[in-house]
Amino acid sequence: MYTDTTSPRYYAYEPSHVLPAVFASLIGISLLIHIVQNFRYRSWKVMFFMVWGGAVFTSGWIVRCVSSYYPTNKNMYIAQAVLVLAGPPIYSATEYNILGRLMLYLPMHAPMNPYRVVLFFIYLGAAVEGLTAAGGAQLGSAGTDSNLLRSGATLIAIGAVLQAVVEVVFMSIIATIQYRCTRASMLTSKVHTFCIMLYGTSALVLLRCIFRSIENFSTIGLISSGTCGSTCRAILRHEWYLYAFEAAPMLLYTYWLNIIHPGKFLPSNRNIYLDFEKGERRGPGWIDNRSQWQTFMDPLDFEGILKGQPAHEKFWLRPDDWPVMGSGNTDCRTPLTMTNQEV
């Protein structure tokens, strides 16, 4: 038990001993469920980031629980800050994988190359993760160094704003796909469920980003002006904001993906797509006739759009060339009798 009253304390409040343990347990349970589900549905490629993010986020709350008993221990404080901050951006990468997988299932409504959209968002997510980790480390180790405090808070704030922008773009792509499906009368219950889930999980990440942005801009303002207004005092000096706007949204996020797990709803073979008659067929998969570097430079195929000749093959316009899977009922998962590719 902590008894030292002479060493500097790194928390602006008396940290809870119970809440970190509660959230570590709940997030850890969800993590174990994700591991079991990934083995059961063979969905590691799509859902791997839920395991990685869950491990990081759970570790963060475990370390925070220990750190709450030793509030003067600088290393523990830095470790919990970095791990708690790092978990959500890793979680977010799962959304991008699911979006890419959904676009492969609905290739005729994909606004861009499904494989490139995943890389595009993951690269942005990596930038967010780098900024967040660097900022968390600086903020945690700053002590009374105002320059380090300002630098760390700025990096985290930039990362949070960038993450928020990414989530808005992400939701706009989901809205585009949903709109196109609705116009084509292809918005099945499965597709609708996925759209709602992606809207919801993205909104949870966005809520967390807004909180982190306000928190760190308040820190920057405090350092710059030396005064702490009502918003600053509320967020920086009360721990419950952290649990309400960081821990709770991410807890809902991970359990939502336990419930609406892609492996339950989408075929494990990524070449299976939904045709215009709402039946599932096994096609050739997304085929982009451009070179790899061209797909990286122009993932939306602006050149093809301007010329009126998209570079990808519209194989879905030849449905009779591709075998129908099962009975065509898309509201339940159809067992496959041929070799599957993992999504």
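The values are calculated or read from the model by the stated rules, or taken from the named source; none is laboratory data. All values derive from a computational prediction rather than experimental measurement. Cβ placement follows ideal geometry from the backbone for every residue including glycine, while neighbour counts extend to all protein chains displayed.
Return the residues of segment 185-204 that are among the aromatic types (Phe, Trp, Tyr) and either touching a residue at least 60 places away in the same chain (Cβ under 8 Å) or crowded, with 19+ Cβ neighbours inside 10 Å (or both); say none if nothing qualifies.
194
Can you confirm whether residue 155 is at pLDDT below 80, touching a Ser or Thr at 6+ places or on another chain (Cβ under 9 Å) and among the hydrophobic types (A, V, I, L, M, F, W, C)?
no
Only residues that are closer than 15 Å to residue 181 by Cβ, assigned to a helix (DSSP H, G or I) and among the aliphatic types (A, V, I, L, M): list them for segment 98-116, please.
Answer for segment 98-116, where residues must be closer than 15 Å to residue 181 by Cβ, assigned to a helix (DSSP H, G or I) and among the aliphatic types (A, V, I, L, M): 99, 102, 103, 104, 108.
Here are some residues: 12, 21. Which one is part of a helix (DSSP H, G or I) and either in contact (Cβ under 8 Å) with a residue 60 or more places away in the chain or surrounded by 13 or more Cβ atoms within 10 Å (Cβ to Cβ) (or both)?
The unique qualifying residue is 21.
From the list 257, 274, 236, pick out the single residue that is surrounded by 15 or more Cβ atoms within 10 Å (Cβ to Cβ) and in contact with a His (Cβ under 8 Å, 6 or more places away or on another chain).
Selected residue: 257, the only one of 257, 274, 236 that is surrounded by 15 or more Cβ atoms within 10 Å (Cβ to Cβ) and in contact with a His (Cβ under 8 Å, 6 or more places away or on another chain).
Quick one: is residue 173 modelled with pLDDT of 85 or more, in contact with a Pro (Cβ under 7 Å, 6 or more places away or on another chain) and in a helix (DSSP H, G or I)?
When the stated conditions are applied, residue 173 passes them.
Of the residues that make up segment 155-167, is at least one assigned to a helix (DSSP H, G or I), under 30 Å from residue 107 (Cα atoms) and touching a Phe, Trp or Tyr at 6+ places or on another chain (Cβ under 8 Å)?
The answer is yes, given that some residue of segment 155-167 is assigned to a helix (DSSP H, G or I), under 30 Å from residue 107 (Cα atoms) and touching a Phe, Trp or Tyr at 6+ places or on another chain (Cβ under 8 Å).
From the list 94, 58, 72, which residue is outside any helix (DSSP H, G or I), surrounded by 15 or more Cβ atoms within 10 Å (Cβ to Cβ) and either of a type outside the set (D, E, K, R) or out of contact with any Cys (no Cβ under 7 Å at 6 or more places or on another chain) (or both)?
72
Please work out if residue 123 is among the hydroxyl-bearing types (Ser, Thr, Tyr) and touching a residue at least 40 places away in the same chain (Cβ under 8 Å). Don't jump to the end; show me each part of the working.
Numbers: among the hydroxyl-bearing types (Ser, Thr, Tyr): yes; touching a residue at least 40 places away in the same chain (Cβ under 8 Å): no.
The answer is no for residue 123.
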